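The values are calculated or read from the model by the stated rules, or taken from the named source; none is laboratory data. Just so we're clear, the structure is a prediction, and the values are computed from it rather than from any experiment. Cβ: placed from backbone, ideal geometry, glycine included. Neighbour counts: every protein chain shown. Note: areas computed on protein heavy atoms with side chains; ligands, DNA, RNA excluded. Shrake-Rupley method; radii C 1.70, N 1.55, O 1.52, S 1.80 Å.
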Amino acid sequence: MGESGAQYTFKVHDGTKIVRSMRKEPPAHYRIEIDSFTSFQHALPMGRRFFKSTQFYVEGYRWVLSIYPNGKEVDNGKDHISLYLQMAANLGDGYSSINATCKFFIYDYIRKMYLVVQG
């Protein structure tokens, strides 16, 4: 199909876009399981609005996941869960940004379905 990083965009008859790409690097994942979301919401220490995961590595970069179980109000997340993927360390000299794609899978035990958000 093409070299690593090549991206192809197709439009379907209804106007929907399909994006296909190829890459050499395998996908990486980080998983957090929350047994009781209600307990998780109430477990925040006084004055804290979010939890931060332990650091994890993907392609040599350190990352951390911030979870706001009651939403992040300044980003219009009130009454929703807000998830943020953040770099845990500065980029090396000569780098000002990196290109990354992430996908969040949030399992809803009541509906027995995943909410999938890609960014």
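Ignoring ligands, DNA and RNA, what percent of the accessible area of the stretch 25-80 is carbon or sulfur (1.4 Å)? After summing per-atom areas, the C and S share lands at 50 percent. With the charge dipole of the chain set up from +1 on Lys and Arg Cβ and -1 on Asp and Glu Cβ about the Cα centre, the Cα lying farthest toward the positive end among the listed residues I98, S21, I32 is that of S21.
Using DSSP loop states and a limit of at most 10 other Cβ atoms within 10 Å to flag chymotrypsin sites (Phe, Trp or Tyr not before Pro), what is the longest stretch of the chain containing no flagged site?
After excluding every exposed loop site, the longest remaining stretch is 1-94.
Here the sum of -39500 (n - 2.57) over DSSP H runs of 4 or more residues, divided by the residues of the chain, equals -1000 deg cm²/dmol at 222 nm, to the nearest 500.
Accessible surface of I34, taken over heavy atoms with a 1.4 Å probe and every protein chain present, rounds to 50 Å².
In the stretch 51-104, what trypsin sites (Lys or Arg not before Pro) fall in a loop by DSSP, with at most 16 other Cβ atoms inside 10 Å? Display every interim value, and only then the final one.
On the way: sites: K52, R62, K72, K78, K103; in loops: K72, K78.
Counting only loop positions with at most 16 other Cβ atoms within 10 Å, the trypsin sites (Lys or Arg not before Pro) in the stretch 51-104 are K78.
Comparing A43, Y114, V64 along the charge dipole axis of the stretch 36-118, the residue lying farthest to the positive side is A43, per the Cβ-charge model.
For the stretch 69-119, the relative contact order works out to 21 percent when only alpha carbon pairs closer than 8 Å and six or more residues apart are counted.
Taking the Cα centre of the chain as origin and assigning +1 to Lys and Arg Cβ atoms and -1 to Asp and Glu Cβ atoms, the resulting dipole is close to 140 debye.
For the chain, the tally of Lys pairs with Cα-Cα distances below 27 Å comes to 13, considering only residues 8 or more apart or on different chains.
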